[in-house]
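The values are calculated or read from the model by the stated rules, or taken from the named source; none is laboratory data. Please read all numbers here as calculations on a predicted model, not as lab measurements. FYI the Cβ positions are ideal-geometry reconstructions off the backbone, even for glycines, and counts take in every protein chain you see. Note: accessible area is taken over every heavy atom of the protein model, side chains too, but ligands, DNA and RNA are not part of it. Shrake-Rupley method; radii C 1.70, N 1.55, O 1.52, S 1.80 Å.
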Amino acid sequence: HKRLFFSKLFFSLYRFQAFLYFSSVFQAMSCGIHYLASVFMAVTPNFVCGIPGNVSSVLFYNSSESSLEDIWTLWTSTENYIVVQLENGEIWELNQCSRSKREMSLDLAYEYKGNKSVFSCSDGFLYDDTKWKSTVVTQWDLVCDREWLAKLIQPTFMLGVLIGAVIFGDIADRLGRQRVIWFTSAGQFVFGIAVAFTFDYYSFVIVRFLLAMVSSGYLVVAFVYVTEFVGIKARTWASMHVHAFFAMGVMIVALVGFLVRTWWVYQICLSIATLPFVLCCWMLPETPFWLLSEERYEDAQKVINIMARWNKVSTPCKVSELCSVQQDDLVGGRMGDNDTSSTKKHNILDLFCNWHIARRTITVWLIWFTGSLGYYVFSLSSVSLGGNEYLNLFLIGAVELPCYIIACIGMDKLGRRNTLIPFLILSALICVLIMFIPQDFNILIILANMAGKFSIGVAFGLIYLYTAELYPTIVRSLAVGSGSMMCRVGSVVAPFCVYLRSIWIFMPILLVGIMALLSGILTIMLPETLGKPLTNTLVEATEMGRSKKSSSGKTPPAHSGVASEKIEMFGQETVSTEK
């Protein structure tokens with residue numbers, strides 16, 4: 001009876017759900033925008049020390065120019081230096097982090113063997129503005145001994161993502177999804193605009209940290225919100241394609257970066273992109289699932305009636321009938337099962353209760369970490385691949401769109417494990433391939449990175465649902481939540497991994513490849529969950545996949561009533577995560 005009610009509520013009514021779905025996931029684009037905005041906003045252009053006077057002539061190797069702007073096109077290495085002659089006759093050598101005054105030199109020549117006096121860059125720096133008119137690096141001179149401040153911009157943002165997901169995920173369970181969506185949507189717009197008007201580096205980082213918190217909070221709650229309004233049959237596809245709108249946000253970053261070359265204007269344009277949703281998000285209703293869980297039956301009935309009117313259903317579901325069925329299920333569950341394990345409070349240690357579950361947990365955590373690490377390493381590195389950096393980032397975002405379709409089809413046709421293993425190993429092989437491509441083959445390098453992003457994207461999207469199916473009901477939310485935390489740890493580590501390019505250009509790719517290969521090998525030991533009933537106890541989860549008998553086992557009849565409730569609420573448990 002209960003399934004009949006939910007079927008009537010969520011399968012027959014489709015226009016209202018479609019409106020809510022596309023309205024909600026539209027704002028997910030802003031999350032993709034803000035997560036990757038720093039790739040152009042915090043770029044470091046070519047630069048040299050400032051000069052203590054007016055320049056009369058400039059010399060770079062054998063090229064003599066009248067201004068520094070004409071020299072930047074010849075700049076090829078950070079080891080280069082520029083020789084300038086001032087109007088007062090002084091000759092200076094300008095390096096990136098120091099400058100030298102030539103003593104007793106009257107002729108302007110590039111090579112000089114005489115005495116020099118070395119000075120610090122007390123007059124600031126001169127930047128190449130042929131590509132970017134202004135970035136946060138040039139705004140606050142985040143170079144040389146302040147370079148580490150520039151490298152903290154993306155990691156501190158990702159730390160805000162981690163904290164925001166935890167805080168707003170809990171608030172959404174307490175106060176409702178609707179209020180959090182309102183607040184985080186408005187917060188993304190307000191903090192996004194505020195970033196453009198920050199007056200120094202520290203205020204910039206603090207406001208960006210707050211922006212990261214609300215962006216992460218929105219993405220977490222949006223997953224829950226859309227899946228509580230979408231029917232069971234469409235739930236996997238609907239939740240998976242929230243990622244697709246995130247990828248569209250990455251593509252918008254590339255487009256706006258190409259059109260706008262001043263960082264604060266660029267930030268304003270990115271923040272305004274989702275203003276339409278901020279203006280209409282107050283119309284979104286609370287989900288009936290949350291209202292019923294809070295025993296606000298009249299409010300839940302109002303939402304159901306609105307859904308019925310939108311979809312022209314003459315006989316909408318009655319909450320009173322649904323509640324009576326729920327009470328019957330709960331009574332039946334109590335009479336048929338005296339085991340109190342389902343009401344016992346569980347903690348993180350239950351994910352290591354025995355060797356089989358512990359091995360499963362370590363493997364799942366590693367896949368979460370690897371997926372996030374690979375996702376952001378490929379995304380953040382795309383602007384350093386050579387060629388047109390804007391096109392590179394656009395393609396890296398666009399390649400995600402088909403990968404989620406492949407992930408959904410593979411999960412349903414081949415199985416979760418049988419899809420996950422080949423794509424993890426494939427991403428490792430692609431990382432190795434990238435290391436053997438000559439650096440002047442830009443097109444091949446970009447295509448290989450797109451293939452790597454595609455393969456790691458399939459694995460990253462698939463692990464959400466697979467994790468929830470690997471664990472029993474009593475620790476399912478805990479397992480998905482802990483995996484999500486490992487995902488965010490990977491996103492914090494990813495920027496530092498990208499910075500290792502300064503040590504060896506292939507170091508980030510090598511690390512991703514090693515992690516992907518290790519994850520793929522360990523995934524072989526995980527059981528397949530396609531077509532298997534969800535487990536309710538740790539004993540059932542341990543037995544899953546150990547033998548043909550256990551793998552084809554049936555759902556215990558004693559839990560039939562409660563299990564159906566858990567399965568119906570499954571969407572809420574599996575999607576309270578984010579990138």
Does K453 count as of a type outside the set (S, T, Y) and free of Cβ contacts under 8 Å to residues at least 24 places away in the same chain?
no
Meets criteria (surrounded by 14 or more Cβ atoms within 10 Å (Cβ to Cβ), under 22 Å from the mean Cα position of the chain (by Cα) and within 30 Å of Q267 (Cβ to Cβ)) for V143
no
Among residues belonging to the stretch 15-53 that are β-branched (V, I, T) and assigned to a helix (DSSP H, G or I), point out the one that is farthest from L142 (Cα to Cα).
V25
Considering every residue within the stretch 389-402, establish whether at least one is buried (at least 17 other Cβ atoms within 10 Å of the Cβ), among the hydroxyl-bearing types (S, T, Y), touching a Pro at 6+ places or on another chain (Cβ under 8 Å) and touching a residue at least 60 places away in the same chain (Cβ under 8 Å).
no
Evaluate the following for V224: is it surrounded by 24 or more Cβ atoms within 10 Å (Cβ to Cβ) and either modelled with pLDDT under 95 or not in a loop (DSSP other than H, G, I, E, B) (or both)?
yes
Unmet requirement for F245, which otherwise passes all of (1) buried (at least 19 other Cβ atoms within 10 Å of the Cβ); (2) at pLDDT 85 or above; (3) closer than 30 Å to Q139 by Cβ:
(3)
Give the number of residues within the stretch 362-372 that are under 15 Å from the mean Cα position of the chain (by Cα) and open to solvent by 10 Å² or more (accessible area, probe 1.4 Å).
1
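To keep it simple, each residue is scored yes or no on (1) at pLDDT 85 or above; (2) assigned to a helix (DSSP H, G or I); (3) of a type in the set (G, A, S).
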position	(1), (2), (3)
S100	yes, no, yes
L108	no, no, no
Y112	no, no, no
L126	yes, no, no
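Let's see how each residue does on (1) touching a Phe, Trp or Tyr at 6+ places or on another chain (Cβ under 6 Å); (2) within 14 Å of M41 (Cβ to Cβ); (3) not β-branched (V, I, T):
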residue: A244; (1), (2), (3): yes, no, yes
residue: G249; (1), (2), (3): no, no, yes
residue: T262; (1), (2), (3): no, yes, no
residue: Q267; (1), (2), (3): no, yes, yes
residue: I272; (1), (2), (3): no, no, no
Subset of the stretch 102-124 [closer than 23 Å to D70 by Cβ and surrounded by fewer than 16 Cβ atoms within 10 Å (Cβ to Cβ)]
D107, A109, Y110, E111, D123, G124
Could you tell me whether K151 is in contact with a helix residue (DSSP H, G or I) (Cβ under 8 Å, 6 or more places away or on another chain), closer than 30 Å to S381 by Cβ and open to solvent by 40 Å² or more (accessible area, probe 1.4 Å)?
yes
Residues that are more than 24 Å from L349 (Cα to Cα) and either buried (at least 16 other Cβ atoms within 10 Å of the Cβ) or at pLDDT below 90 (or both), drawn from the stretch 482-498
S491, V492, V493, A494, P495, C497, V498
T262 passes all but one of (1) surrounded by fewer than 21 Cβ atoms within 10 Å (Cβ to Cβ); (2) out of contact with any strand residue (DSSP E or B) (no Cβ under 8 Å at 6 or more places or on another chain); which number fails?
(2)
Hits in the stretch 129-141 - residues which are closer than 20 Å to S98 by Cβ and either among the aliphatic types (A, V, I, L, M) or in contact with a strand residue (DSSP E or B) (Cβ under 7 Å, 6 or more places away or on another chain) (or both):
V137, T138, D141
Which numbered condition in (1) open to solvent by 40 Å² or more (accessible area, probe 1.4 Å); (2) assigned to a helix (DSSP H, G or I) is the only one that P438 fails?
(2)
